[in-house]
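Structure first, commentary second.
The values are calculated or read from the model by the stated rules, or taken from the named source; none is laboratory data. Bear in mind the structure is a predicted one, so any value in this text is a computation, not a measurement. In this analysis, Cβ positions are derived from the backbone assuming ideal geometry, glycine residues included, and neighbour counts consider all displayed protein chains. These area figures cover heavy atoms from the full protein model, side chains too; ligands, DNA and RNA do not enter into them. Shrake-Rupley method; radii C 1.70, N 1.55, O 1.52, S 1.80 Å.
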Amino acid sequence: MTEQTVAMYCFIDDLLTQCRPTWAPAPDARQHLSDAEVLTTALVGARYFGGNLAQARRYMQGHWGQRELDKSGFSRRLHQLKDVLDELFAAFGQVLKVLHTEARYVIDSFPVPVCHNTRIGRSKMLTGKAYHGRCASKRCWFYGVKVQVIATTDGLPVAYHVHPGSEADLTGLRQLDPDLPEGSVLYADAAYTDYAHEEVFAQATGCQQHTARRCNSTRAHEPARAFLIQHFRHGVETCFSQLTDRFPKRIHATTAAGFALKIGLFVFVHALDRFGM
């Protein structure tokens, strides 16, 4: 745990130095904690304490002598850095894409409910039918969000997007810019079927989207391609299983933004862990 914490801090600090967005406010010398310390503490909380930021703060103060910052002040700083965190993950994802010379990727989604179905009427964090979705693979309804993830074929996430649970997977794909290297192949299940989108995607990016076909499809794949789609999709299913194992029984958050932020932290630390950091 000690070595991983040091490695994450050094990595985040170097990444901020090299890839800090131009629109991000400059660090203030009067702040108790640097941006790297705030983000490292949040990542430590997601990796070792089930997303509990209070425990992560106590650990960093007790073991690393980090200056104390009250709960509300830390939360405000972390939310202010949400967009910076997204940019850092995007930069890290680009590095992973360059290192992934196989150039094969898989996209899929998994649901993250905010409460049990019987408590939907009492939910204050998310409201509205937009969050009432159905997970076809689990054959169940849920109230919450979907997380679209693009991962390498060996299960390393390189991009993600959080959207309301009622939206179709294809809508999530359109909102998520894959930004894959030219010549890459993106494998998807039948929920992402859109012939026009596949053609535009190929023309605009130089990549190919191979989508599993339904039994009544007018553009059925040859057996070899159908086999490859099913074969490479196993990697993302394993990725989801390992990723959701990091989630606590209930992700504690008081706002929708905080809920999405913690999901992003879990995805980030999972990518760092799988990368060997």
Given the options Gly172, Gly276, name the one that is surrounded by fewer than 18 Cβ atoms within 10 Å (Cβ to Cβ), out of contact with any Asp or Glu (no Cβ under 9 Å at 6 or more places or on another chain) and of a type outside the set (Lys, Arg).
Gly276
Scanning for something more than 20 Å from Ser137 (Cβ to Cβ) and outside any loop (DSSP other than H, G, I, E, B), does the stretch 170-181 turn up at least one residue?
yes
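Being under 12 Å from the mean Cα position of the chain (by Cα), open to solvent by less than 50 Å² (accessible area, probe 1.4 Å) and of a type in the set (Gly, Ala, Ser), is that true of even one residue in the stretch 221-235?
Keep residues of the stretch 221-235 that are under 12 Å from the mean Cα position of the chain (by Cα), which gives none.
No, every residue in the stretch 221-235 fails to be under 12 Å from the mean Cα position of the chain (by Cα), open to solvent by less than 50 Å² (accessible area, probe 1.4 Å) and of a type in the set (Gly, Ala, Ser).
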Considering only residues that are of a type in the set (A, V, I, L, M, F, W, C) and free of Cβ contacts under 8 Å to residues at least 60 places away in the same chain, look in the stretch 75-114 and name the one that is nearest to Leu15 (Cα to Cα).
Val95
I'd like to check something: does the stretch 99-120 contain any residue that is touching a Pro at 6+ places or on another chain (Cβ under 8 Å) and over 20 Å from Ala212 (Cβ atoms)?
no
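Return the residue satisfying two criteria in turn: it lies in the stretch 137-163 and is of a type in the set (D, E, K, R) and more than 13 Å from the chain's Cα centre (by Cα), and of such residues it is surrounded by the most Cβ atoms within 10 Å (Cβ to Cβ).
To start, the set of residues in the stretch 137-163 that are of a type in the set (D, E, K, R) comprises 138-139, 146, 154.
This time we only want the ones that are more than 13 Å from the chain's Cα centre (by Cα), so: 138-139, 154.
On the way: Lys138: 10, Arg139: 7, Asp154: 15.
Out of the qualifying residues, it is Asp154.
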Failed item in (1) open to solvent by 20 Å² or more (accessible area, probe 1.4 Å); (2) closer than 29 Å to Leu156 by Cβ; (3) in contact with a Gly (Cβ under 9 Å, 6 or more places away or on another chain), with Ser75 passing the rest
(2)
Looking only at helices (runs of 4 or more DSSP H) that fall completely inside the stretch 183-277, which ones have 2 or more residues that are under 29 Å from Pro113 (Cα atoms) and touching a residue at least 24 places away in the same chain (Cβ under 8 Å)?
223-245, 256-275
